[in-house]
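Read through the structure below, which is laid out as structure tokens, and then see the notes.
The values are calculated or read from the model by the stated rules, or taken from the named source; none is laboratory data. Bear in mind that the values here come from a model prediction, so they are computed numbers and not experimental data. So basically every Cβ, Gly included, is an ideal-geometry build from the backbone, and we count neighbours across all protein chains shown. Protein only, heavy atoms only, side chains kept; ligands, DNA and RNA dropped before computing areas. Shrake-Rupley method; radii C 1.70, N 1.55, O 1.52, S 1.80 Å.
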Amino acid sequence: MSTATTARAAETVPASRESADQAPDRVPRGEPYGFTDGVPVYRWGQAPAYLQTQTQLGQARLKLADGQPVLAYLYLRKHDVEVPLYDPAAAVKMRPLASAVKKRMEAARTCPECGKVREHRLNGRPCSQCWNKAQLARQRERARTCWGCGKVRERPYPAAHNRCGDCRRAQLAEERARKAEAVLYSITCPGRDCSVKTATKAAVRRWREANPYGYWRPRWCSPCEERDARERAEAEQRAVEAREAEREARRRRVLELREWAAAALADEALVVLGTETTGLDAEACVVELAVISGSGDVLVDTLVNPGRPIPADASEIHGITDEAVATAPSFGQILVGLTAALDGRRCLIWNAPYDKGVLRWELTRHYRAAGHEDLAASAAAWLEGMTLEDAMVPYSDWYGDWSDYWGNYSWQALGGGHRALGDVRAVLDRLREMAAPVASSVD
């Protein structure tokens, strides 16, 4: 609450001390809580009774006069606000309401049950008196209804169980059976298919009296306890053996991948292919393509004109723009050189399924322009004539970053800078990493 000054506005609200010429409702019931711009601020019930809020004036069909001053404030702690209070004698009467408006307002305050007009809006809901009567009627009906079978009678059922005689007897029988089962569980060995009594009812009762807040655990018989310990030890041993088997399988898999990478690097016919495209959709086109040999010699390294605009989000990744490929050859123009670089060679690709899909789409576009009749068969024949292998999955399996979400090893980033030549050289680096003497962790 802001306090601009502590000066009392003597000419607006009289002091709390009652004088002979002051009416009781014009005298404050308590001292001001504070002052705002010289106007006193009262807590609830402390302001002079004759002062009213603007809402109260509206209910009396009064409105504020032009320039009518605020005589006091009422501080509402719950909402942390100061509500201005005005003198109703200085307010101006509102225009009388139309009869149709009065009828609507009266209808909104009329209870649909008793038909009485209340002070507040009901909007079709019953008033509090009718609601309380209905609530009492429901309570009386519930007291006369059996909680077991739902039978209703004239007088209430006993409040202890709210059931008829048959339902009460069935309830007591269930409770006795449940207690008997609990007692039998307390004195019987908890072993599998065992009925040996390991304690007496009196012993359990004495223990519970001595330990009112404890939980009684049934005692094991010697054979079941020995069998349980043996089974737990066997289960732990099986778990240890399973972990060892997993470690051994992982070690063998890492060695296999290491041998695979070493064999690929030693293959004189090895080449690595990489592309940059217009996107990741099924109709993405090549904008750059590179092929190098296993020794690092560059066989193909060229930009490719896709024949369509390169999306801005793709250019932000690889940095290749429409201006850069404006004078570059099309895929059809580099196809002969690409075929010569891959024909009869073992070609590794990082994420081969994606690049094979891009090549299939580019081959389809090329064969359509060349007038081939069966475009799919022509593209498939070209791809089947090449030996294309994936390098991303073997490296991810060798790296061993397991993902519980995918239920497999997470794919690893290549780190080639998102340019075709840099990516294919990074593939060779990943192969050398796999073939190094120090392999990935087998844990």
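Numbers below:
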item	result
Failed item in (1) exposed (fewer than 13 other Cβ atoms within 10 Å of the Cβ); (2) free of Cβ contacts under 8 Å to residues at least 60 places away in the same chain; (3) among the aliphatic types (A, V, I, L, M); (4) not in a helix (DSSP H, G or I), with residue 282 passing the rest	(2)
Hits in region 70-80 - residues which are more than 12 Å from residue 44 (Cβ to Cβ) and loosely packed, with under 14 Cβ neighbours inside 10 Å	80
Residue satisfying condition, being in contact with a His (Cβ under 7 Å, 6 or more places away or on another chain) and either assigned to a helix (DSSP H, G or I) or surrounded by 11 or more Cβ atoms within 10 Å (Cβ to Cβ) (or both), within set 168, 121	168
Extreme residue, most open to solvent (accessible area, probe 1.4 Å), among residues of region 314-357 that are in contact with a Gly (Cβ under 8 Å, 6 or more places away or on another chain) and free of Cβ contacts under 8 Å to residues at least 60 places away in the same chain	343
Where residue 405 falls short, out of the listed (1) modelled with pLDDT of 95 or more; (2) part of a loop (DSSP other than H, G, I, E, B)	(1)
Residue under evaluation residue 186, criteria (1) hydroxyl-bearing (Ser, Thr, Tyr); (2) surrounded by 10 or more Cβ atoms within 10 Å (Cβ to Cβ); (3) part of a loop (DSSP other than H, G, I, E, B), criterion not met	(3)
Subset of region 422-432 that is open to solvent by 30 Å² or more (accessible area, probe 1.4 Å) and over 40 Å from the mean Cα position of the chain (by Cα) - its residue that is farthest from residue 298 (Cα to Cα)	432
Selection status of residue 263, surrounded by fewer than 14 Cβ atoms within 10 Å (Cβ to Cβ), among the small types (Gly, Ala, Ser) and assigned to a helix (DSSP H, G or I)	yes
Those residues of region 317-346 which are within 44 Å of the chain's Cα centre (by Cα) and under 29 Å from residue 394 (Cα atoms), in sequence order	317, 318, 319
Residue check for residue 156: open to solvent by 60 Å² or more (accessible area, probe 1.4 Å), under 30 Å from residue 137 (Cβ atoms) and of a type outside the set (A, V, I, L, M, F, W, C)	yes
Of residues in region 203-225 being in contact with a Pro (Cβ under 9 Å, 6 or more places away or on another chain) and in a loop (DSSP other than H, G, I, E, B), the one most open to solvent (accessible area, probe 1.4 Å)	217
